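Visitor: This is the structure I have questions about; it appears just below.
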Amino acid sequence: MADQSMHLSEYDVVVVGAGMVGSAFAALLADSGAGHAVKIALIEANKFVAPEGEGFDPRVVALTEASRKMLAQIGVWQEIEGVRVCPYTGMQVWDAEGTGRIEFDCEEIRQPNLGHIVENSVIVAALLRKIEQLESVDLLCPASVENISSNETGVDISLADGTVLRADLLVAADGAMSRVRDMAGLKMREWAYGHTAIVTTITTEKPHQFTARQRFMAAGPLAFLPLRAIDGNCHHCSLVWSQKTEAAGELMALTDEEFCRQLGYASEFCLGNITAVEKRFSFPLRQRHAIDYIRPGLALVGDAAHTIHPLAGQGVNLGFQDVMTLVEEVTTALDKGMSPGDPLVLGRYQRRRKPHNLGMMAAMEAFKRLFEEEALPIKLLRNIGMSGVNAVAPLKNELIRRAMGL
């Protein structure tokens, strides 16, 4: 119960975390067409700082068509597209230990592209500008959550400045290390992959031709994601290179010149020489999944509920699917006069999302283990399988349609 001497503000929904997933949830719910205006608070501990200059943000996402449509529904896609995006029309995936290869082409599924590579900061900036225009959303930033507690109708959220927010539903969108999740006592299953991802922006000798490329090696996958500069230059790619942690440390310690050389060898010079590299960043890879996404009055979305290996670029897309599903359930509840934090409402959200997320996590784990396997029979079967899938157009096209959310 909140101390009544403190300042108390009441909301229908409080969202913690104003990154891509949290901001998208707040914006989509505010414009969901619920029977009455939804009063929302969006809390963020850190002020958003856009990257300086014209350089690319090293953190990018590969948006599926389903995610793009959601951003269009919110009303921010046109702004995002006007800043900087790169549609990719093809995808090449190949096995470093053989001849197995799969190539996808948007023309084969009668789509203008297979997805879009977008910098994280571009999406966040557009969503926050949208939030500023929404009268029903209060953005509290910088503000940090100190405590949460249940009350008769929902949740009290105590902030560091002494303010207490009372909400029917608290949505934790505060990332993989979610403090809200920990405060709520929602347990996780997690394990380390033993891999570290290196991310940066590179410049290549040859143009990328709007094609995403991924090479699977026993030490980890290597991905080149195409970027398009404002001036139309198509020689930039976002690099995501997963390596065993010790090897990643050695690569991070190399000079830029030597790193470019090693990256050229690892990529089989598929785009010629690597002519430049921006500042490199690295982070350890862990798989996490909350045993439960919900408790009365509280729901987890995005990385607060699940994180997976980046090899298929599905992380934020899964988070956006969480957003769309939870907004549907909350809107339906409000239209029926139910509390959005009602266990029945949140139970439907969990039942819809948990199996899908677990299925994607299992698939990514299987892929990772398959390509780590060094036994010759497995390598042969793996390559035969990739070549076989590539030769069966209906199967290959169905796989990419599902990946795009079509």
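Visitor: Ignoring ligands, DNA and RNA, what percent of the 1.4 Å accessible area of the stretch 145-250 is carbon and sulfur?
Guide: It is 50 percent, rounded to a whole number.
Visitor: Over the stretch 20-177, give the accessible area per residue in Å² for a 1.4 Å probe, as an integer.
Guide: 43
Visitor: Next up: So which of 244/279; 130/336; 130/244; 206/244; 39/279 end up more than 32 Å apart by C-alpha?
Guide: Details: 244/279 20 Å; 130/336 28 Å; 130/244 40 Å; 206/244 28 Å; 39/279 41 Å.
Correct reply: 130/244; 39/279.
Visitor: First check a/c for the stretch 144-184, with a ≥ b ≥ c the square roots of the eigenvalues of its C-alpha gyration tensor; if it is under 1.5, answer rounded, and if not, answer prolate when a/b is larger than b/c or oblate otherwise.
Guide: oblate
The values are calculated or read from the model by the stated rules, or taken from the named source; none is laboratory data. Computed from a prediction, not measured in an experiment: that's the story for all the values here. Side chains included, ligands, DNA and RNA excluded: accessible areas come from the protein's heavy atoms. Shrake-Rupley method; radii C 1.70, N 1.55, O 1.52, S 1.80 Å.
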